[in-house]
């Protein structure tokens, strides 16, 4: 599950994120312990904790073991053994879809439940809030980060993060973050002003006022997957109309 933690704090970067060690052959000990639930849990929990250390999202032993236990139970030791997936191979898999194993139909729903049950939602939200602005190269104030974290829907976060575990998709998280950012005027204003440093104080005040007065439009624009989507273009056009100097800044 190594790549998943990297996706969490840099969710729009979809390249290979595993270390060179990911391609190493599984240890003999792990191969011998295939079929042992504790071996799968131990290996997965160890990797989750190791890779989260030093990141904005850090798991303690209880959280890592809780989620690893639920993950192994959801996928099934019998299914893992039948597919000849060793504990080490499960632990360093980029996604569950990369494993040659039959997954239950409700795997995403079950994983979302595990994320909630193991108290992962709050640290995930804190890490996502910090990483979101980082993708734009700006730093948010503590109040702005708190706004993002507070307004994120816990269940939606769990479901979106579960989707990344299943197949690496980040669409749900992207839409959720964009929509939530649009509900935090300070976040949107900070990003826009940072990307247009030439604005006069008057233009900055105009932009700030426009964003505060058009929450739904801003939320739809930031939830759009691409800048050429109609929702985003509508936001750009209307902002330029309301604050003409902003268009040339």
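FYI, it's all coordinate maths here, none of it is from the lab. Quick caveat, the model's predicted, so the values are computed rather than measured. Every residue, glycine among them, receives a Cβ derived from its backbone with ideal geometry; neighbour counts consider all protein chains shown.
See the values below:
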{"quantity": "For peptides 121-129, 164-172, sequence by mean Cβ density within 10 Å, most packed first", "calculated": "121-129, 164-172"}
{"quantity": "Full-extension gain in nm, residue 227 to residue 97, via 0.36 nm per residue minus C-alpha separation", "calculated": "43.9 nm"}
{"quantity": "Rounded D (µm²/s) - region 54-98, Kirkwood Rh over Cα pairs, Stokes-Einstein at 4 °C, 1.567 mPa s", "calculated": "110 µm²/s"}
{"quantity": "Ranked packing of 180-193, 58-71, most packed first, by mean Cβ within 10 Å", "calculated": "180-193, 58-71"}
{"quantity": "Modelled FRET efficiency - R0 35 Å, residue 109 with residue 194, Cβ distances, 0.05 increments", "calculated": "0.35"}
{"quantity": "Along principal axes, Cα extents of region 104-249, largest first, whole Å", "calculated": "54, 31, 23"}
{"quantity": "19 Å reach of a label modelled at residue 175, 7 Å along Cα-to-Cβ, counting backbone N of region 73-110", "calculated": "107-110"}
{"quantity": "Extension gain (nm, one decimal) between residue 202 and residue 154, 0.36 nm per residue minus Cα-Cα", "calculated": "13.5 nm"}
